[in-house]
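Just below is one structure, and these are the notes that go with it.
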Amino acid sequence: MSEIRSMFDMLLNQNEQEMEFMPIVPLGEDEMDEQEKGSLPLELPIIALKNTVLFPNVVLPITVAREKSVKAIAEAQNSNKWIGVIAQKDSTNEAPKPEDIYEVGTLAKVVKQIKMPDGNITIFIMGRMRFRIEEFTQQEPFYKARVNYLEDIYPQKDASFDALIASIKDYSERIAQQSPNMPNEASIVLRNIEQQSFLMHFVASNIAAKLQDKQALLEEDNITARAEKLLQMLQAELQLVELKNEITNKTRADIDRQQREYFLQQQLKSIREELGGDPNEREIKDLQKRAEEIKWTEAAKELFKKNIEKLERMHPSTPDYSVIYNHLDLMLDLPWGTYTEDSYDLKKAQQVLDDDHYGMEKIKDRILEYLAVLKLKGDMKSPILCFVGPPGIGKTSLGRSIASAIQRKYVRLSLGGLHDESELRGHRKTYIGAMPGRIIQSLRKIKSSNPVFILDEIDKIGKDFRGDPSSALLEVLDPEQNNSFYDNYLELEYDLSKVLFIATANSLSDIQPALRDRLEIIQLSGYSPEEKTEIAKRHLVPKQKDLHGLVKVPLKFPDKLILKIIQEYTRESGVRELDRMLAAMMRSVAKQVAMDEKVAPTITLEMVEKALGKPRFTNDIYSKGHPPGVVVGLAWTSVGGDILFIETALSKGKGNLTLTGNLGNVMKESATTALSYLRSHAIEYNIADTKFDEVNVHVHVPEGAVPKDGPSAGITMLTSLASAFTGRKVKPYIAMTGEITLRGQVLPVGGIKEKILAAKRAGIKEILMSKQNEKDIEEINKDYLKGLTFHYVSDVGEVLAFSLAKK
């Protein structure tokens, strides 16, 4: 034992850094006799080792940190110092279970225990005899198992076995001499080991072999077979050492600090050449395996095959390797011929659409018609729909509802501000940082070739020197062409004909004509106060209650108060501002609940004014008597209908006409036409003909910061001029819209529903419009027209007769 002590003293005198890399310590000792074997315990505390196999008669220093291992060692120290040591299968597993460790291990004796400064324990254990676990008898607080000891089967006196041991010793010495990391003393130690089994175990402990191979050695009962396996491992190790030396000698002349990275690459290259294999073969085989399951088109199959052949000829360090690999990866990720199954239950689809959105009957009917044809025919090209309407009415969210109704996947592409054609069509893959277009990327992400694809804000696409994205959409949105959409990065045609494209826009005027021609336009109007009330009750109030944690709080919103918020706190076609107002109400209630204040079960007018303040909008302005020359007109904008005043003032002058209020050319021409008509019919309206030459006319439309244009203010301009020249006031609560001609005819205009809703929001009671617009009024739900009286006119004489009050 003096040999052991001296060896441990040498180890303990090393500094802390050396302790982390302690070598395996050889210590020859005789085999156990039968008496010792008979006294061995049949139940052992078990510890699992990472990346290490302990062989009999070998001393091994190990650092113990796991709680179970610490307790097992403590148990061994307190009893007979025997402990079972077994390697675990996965070194990354910090809490191995019984099935995570091997069955065969080594009985070891705890020779020395040292407590390290960092709190861990380092122990020196000496392997003595192999065993096999019969069963685990305990798992907490540490593992304990009943074991069966294994005997080594030694050969009879055999010259071939002696030769085998001699070869092991010879190979070991050659490896020790040629390996730069092996100390010179290793050869001396090998020559002085006499016992054959210990020589094998010592060599096996120090060889740089895989854990599985070392474990296989330990599990081998036959000493001869164990020696043969070890010799094979030594031969492979010697070849690797010689190869490393050869590579080092080949490249040593080229090494300096700047070429270190190059040297490592050369080493790697030489190793690959000598081994005759390519580590990237696995990647290529994986690509080929994935390709077997894909329904390629012939062109795609040919391109994939060609690129795989290129990849096999390339070295992975070349720049083109990653380019081709990424392209192949994209091809494999795309959903070629993968479609979701549509739901043909029309009643269920209608129910989903009705539950998610109130109103919008046109769109719902169109989707159900599409589903009906699809159900009957089984296959058809998807329509290209475009929802046009003011903001906040649910165009985008309707797309998600449609996807849910027909059970397709949903993807949304925002086109607002998009100004580069490559964003849609992709870049040539030869460019650095090249990517496929957003359409192909979206299909790759959702793994379906027939989703509901929302092209949001199609009217807000930009255009500059980088290209025109709206022109790139011409192919995408043409049912006759999109079955062969070409992406620059993919370099293949892809079938988009089964995709249900739905575009959204606020205004058609900003969409180029060729693109607009490909779209099936569905006009969406703003909501009436009645519709907004229903939407608030069904969707907005429950949503805001949920967002503000008030689901369990009994809270009722009376319809009258919702209507009051709509009329006096919002001026919009959609419901976004209404949603914000309801959120403000919920925050006020949430504050009361959080402060344990009493909350009224029904929202009151006082609570509304406390949360939202005084009403922002009032209809008094339309009920007050205005001086002659002031008329209320109805206008349509991209954000819905609106009310505008047209004011005319006369002053002494020479008959000049001045127009202000940021008016467009068409609106200016309407004013000129109105003045010309009034001048030519002055006698009919009791206006002195000379008066037109004696005064200057100034027509102004307030809110000058807002651009205004269009012919629909024609009769409003004429009424304003006639009121100013005759001195007759315009009746209160009356608004009008319509285009005029020089002959005095009143022509129809568009945006009627939006204008009607704007008039109702403003408290207007009577509306004048062209007789030809009567058909537009008939399409509007009668419930939304309550409180409004319509007067249909054919010429301006009827307009002035009705709208101007008597003096």
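The values are calculated or read from the model by the stated rules, or taken from the named source; none is laboratory data. Worth saying up front: this structure is predicted, and the values here are computed from it rather than measured. FYI the Cβ positions are ideal-geometry reconstructions off the backbone, even for glycines, and counts take in every protein chain you see. Keep in mind that these areas ignore ligands, DNA and RNA; they rest on the heavy atoms of the full protein, side chains included. Shrake-Rupley method; radii C 1.70, N 1.55, O 1.52, S 1.80 Å.
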In the range 548-563, residues that are open to solvent by 40 Å² or more (accessible area, probe 1.4 Å) and either in contact (Cβ under 8 Å) with a residue 24 or more places away in the chain or of a type outside the set (A, V, I, L, M) (or both) total 8
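Would you mind listing the helices (runs of 4 or more DSSP H) fully within the range 620-723 where at least 2 residues are at pLDDT 85 or above and open to solvent by less than 40 Å² (accessible area, probe 1.4 Å)?
Passing ranges, in order: 665-680.
Any residue at all in the range 480-499 that is under 25 Å from Ser573 (Cα atoms) and not hydroxyl-bearing (Ser, Thr, Tyr)? Give the derivation first.
Quick first cut of the range 480-499, residues under 25 Å from Ser573 (Cα atoms) only: none.
No.
When you scan the range 733-744, do you find a residue that is in a helix (DSSP H, G or I) and open to solvent by 10 Å² or more (accessible area, probe 1.4 Å), even just one?
Let us first name the residues in the range 733-744 that are in a helix (DSSP H, G or I), namely none.
No, that holds for no residue.
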Breaking point among (1) assigned to a loop (DSSP other than H, G, I, E, B); (2) modelled with pLDDT under 80; (3) open to solvent by 40 Å² or more (accessible area, probe 1.4 Å); (4) more than 27 Å from Asp152 (Cβ to Cβ), for Ser6: (1)
Residues satisfying the stated conditions in the range 221-250, i.e. of a type in the set (S, T, N, Q), touching a residue at least 12 places away in the same chain (Cβ under 8 Å) and open to solvent by 50 Å² or more (accessible area, probe 1.4 Å): Asn222, Gln235
Could you list, in sequence order, the residues of the range 751-765 that are touching a strand residue (DSSP E or B) at 6+ places or on another chain (Cβ under 9 Å) and open to solvent by less than 50 Å² (accessible area, probe 1.4 Å)? Gly751, Ile752, Glu754, Lys755, Ile756, Leu757, Ala758, Ala759, Arg761, Ala762, Ile764
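Could you identify the single residue in Arg146, Arg174, Arg191, Arg130 that is open to solvent by less than 40 Å² (accessible area, probe 1.4 Å) and not hydrophobic (A, V, I, L, M, F, W, C)? Let's see the steps before the verdict.
Details: Arg146 fails: open to solvent by less than 40 Å² (accessible area, probe 1.4 Å); Arg174 fails: open to solvent by less than 40 Å² (accessible area, probe 1.4 Å); Arg191 fails: open to solvent by less than 40 Å² (accessible area, probe 1.4 Å).
None of the other options fit; the residue is Arg130.
Being within 30 Å of His548 (Cβ to Cβ) and of a type in the set (D, E, K, R) is true for just one of Lys598, Lys654. Which residue is that?
Numbers: Lys654 fails: within 30 Å of His548 (Cβ to Cβ).
Among Lys598, Lys654, only Lys598 is within 30 Å of His548 (Cβ to Cβ) and of a type in the set (D, E, K, R).
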Find the helices (runs of 4 or more DSSP H) located wholly in the range 395-507 whose residues include 2 or more that are under 21 Å from the mean Cα position of the chain (by Cα), and list them. 395-405, 422-425, 438-446
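Just one of Ser197, Ser160, Ser187 is more than 59 Å from the chain's Cα centre (by Cα) and modelled with pLDDT under 75; which is it? So that I can check it myself, show each step before the final result.
On the way: Ser197 fails: modelled with pLDDT under 75; Ser160 fails: modelled with pLDDT under 75.
Only one candidate qualifies: Ser187.
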Selection within the range 289-309 - surrounded by fewer than 14 Cβ atoms within 10 Å (Cβ to Cβ) and touching a residue at least 12 places away in the same chain (Cβ under 8 Å): Lys295, Ala299
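Among the listed residues Leu524, Leu540, Leu547, identify the single one that is closer than 30 Å to Arg580 by Cα, aliphatic (A, V, I, L, M), within 31 Å of the chain's Cα centre (by Cα) and at pLDDT below 85. Lay out the reasoning, then the answer.
Working: Leu540 fails: at pLDDT below 85; Leu547 fails: at pLDDT below 85.
It is Leu524.
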(1) more than 18 Å from Ile363 (Cβ to Cβ); (2) open to solvent by less than 10 Å² (accessible area, probe 1.4 Å); (3) in contact (Cβ under 8 Å) with a residue 40 or more places away in the chain: which one isn't true of Ile458, the others all being true? (1)
Starting from the range 401-423, take each residue that is among the aromatic types (Phe, Trp, Tyr) and list its partners that are surrounded by fewer than 19 Cβ atoms within 10 Å (Cβ to Cβ) and assigned to a helix (DSSP H, G or I), counting only C-beta distances under 9 angstrom and pairs at least six apart or across chains. Tyr410/Arg400; Tyr410/Ser404; Tyr410/Ile446
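Can you give me the number of residues within the range 141-176 that are of a type outside the set (S, T, N, Q) and in contact with a Lys or Arg (Cβ under 9 Å, 6 or more places away or on another chain)? Write out each step before concluding.
First, the residues of the range 141-176 that are of a type outside the set (S, T, N, Q): 141-147, 149-155, 157-159, 161-166, 168-171, 173-176.
Subset that is in contact with a Lys or Arg (Cβ under 9 Å, 6 or more places away or on another chain): 141-143, 147, 149-152, 169, 173.
Residues meeting the conditions: 10.
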Could you figure out which of (1) open to solvent by less than 80 Å² (accessible area, probe 1.4 Å); (2) touching a residue at least 12 places away in the same chain (Cβ under 8 Å); (3) within 35 Å of the chain's Cα centre (by Cα) isn't true of Tyr569? (3)
Every residue in the range 435-445 that is touching a residue at least 60 places away in the same chain (Cβ under 8 Å) and either aliphatic (A, V, I, L, M) or buried (at least 23 other Cβ atoms within 10 Å of the Cβ) (or both), please. Pro436, Ile440, Leu443
Only one of these is more than 52 Å from the chain's Cα centre (by Cα) and closer than 23 Å to Met233 by Cβ: Arg130, Arg146. Name it. Arg130
From the options Lys806, Lys782, residue that is within 29 Å of His681 (Cα to Cα), open to solvent by 50 Å² or more (accessible area, probe 1.4 Å) and of a type outside the set (Phe, Trp, Tyr): Lys806
Among the residues of the range 724-763, the number that are of a type in the set (Asp, Glu), at pLDDT below 90 and within 18 Å of Gly797 (Cα to Cα) is 0
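Say whether the condition of being buried (at least 16 other Cβ atoms within 10 Å of the Cβ), under 21 Å from Met126 (Cα atoms), modelled with pLDDT under 85 and in contact with a helix residue (DSSP H, G or I) (Cβ under 7 Å, 6 or more places away or on another chain) is met by at least one residue in the range 251-264.
Our first condition is that a residue be buried (at least 16 other Cβ atoms within 10 Å of the Cβ); within the range 251-264, this holds for 251, 263.
Add one more test, that the residue is under 21 Å from Met126 (Cα atoms), and what stays is none.
The answer is no, given that none of the residues of the range 251-264 is buried (at least 16 other Cβ atoms within 10 Å of the Cβ), under 21 Å from Met126 (Cα atoms), modelled with pLDDT under 85 and in contact with a helix residue (DSSP H, G or I) (Cβ under 7 Å, 6 or more places away or on another chain).
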Among (1) charged (D, E, K, R); (2) within 48 Å of the chain's Cα centre (by Cα); (3) farther than 23 Å from Thr737 by Cα, the one test that Asp642 misses: (3)
Consider only pairs whose beta carbons are under 7 Å apart and that are at least six residues apart or on different chains; among these, list those whose first residue lies in the range 91-114 and is farther than 22 Å from Arg132 by Cα and among the basic types (Lys, Arg) and whose second residue is open to solvent by less than 40 Å² (accessible area, probe 1.4 Å) and assigned to a strand (DSSP E or B). Lys112/Ile123; Lys112/Phe124
Of the residues in the range 779-805, those that are modelled with pLDDT of 85 or more and part of a helix (DSSP H, G or I) come to Val796, Gly797, Glu798, Val799, Leu800, Ala801, Phe802, Ser803
Only unsatisfied item for Lys375, checking (1) in contact (Cβ under 8 Å) with a residue 60 or more places away in the chain; (2) over 28 Å from the mean Cα position of the chain (by Cα), is (1)
Which count do you get for residues in the range 149-169 that are within 21 Å of Val241 (Cα to Cα) and exposed (fewer than 13 other Cβ atoms within 10 Å of the Cβ)? 1
Within 25 Å of Asp354 (Cα to Cα) and open to solvent by 30 Å² or more (accessible area, probe 1.4 Å) - does that describe any residue in the range 599-609? no
Which pairs have Cβ atoms under 7 Å, sit 6 or more apart or on different chains, and link a residue in the range 343-361 that is of a type in the set (Ser, Thr, Tyr) to one that is open to solvent by 80 Å² or more (accessible area, probe 1.4 Å)? Ser343/Gln407; Tyr344/Lys375; Tyr358/Arg538
